[in-house]
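Report on the following structure.
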Amino acid sequence: MKVRIEYVAQMRNAAGVGGECFELASGSVVRQLMQDVADSHPDRLAELLFAEDGSFRPSALLFLGDEQVDIEEKRPLTDGCTVTLLAPLAGG
């Protein structure tokens with residue numbers, strides 16, 4: 001199945017693209033998609049997603065459609081769905 005991922009702000013800069021599609025096995029979940037994303041962008045983007053110990057960084061926010069999801073959610077992704085990846089902006 002194909003899943004679209006959209007990168008916003010800092011994540012877009014790290015990925016070098018605004019979005020891309022990933023081919024996943026049927027029944028794949030968000031964690032698998034994020035691992036595939038990190039594997040295909042092993043430098044800056046992978047570092048924004050995962051800490052050295054392999055844990056997902058809480059500063060990375062995931063949305064499945066319009067709904068924020070946790071990386072550990074076991075809900076299967078569906079063919080043609082869109083996952084948006086962003087990091088909150090800070091400033092003053």
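Here are a few things to note about the model shown:
- If the segment from VAL29 to ASN13 were pulled out straight at 0.36 nm per residue, it would be longer than the present Cα-Cα gap by 3.3 nm.
- Using C-alpha pairs below 8 Å separated by at least 6 residues, the relative contact order for the range 8-64 is 26 percent.
- In degrees, nearest ten, helix 30-40 long axis to first principal axis of the chain (Cα): 60
- Cα pair distances exceeding 17 angstrom across the range 1-82, given as percent: 41
- Additional length obtainable on full extension of the chain from GLU20 to LEU61, 0.36 nm per residue less Cα span: 13.0 nm
All of the numbers you see were taken from the coordinates with simple rules; none came from a lab. Predicted model only: the values in this text are computed from it and were never measured.
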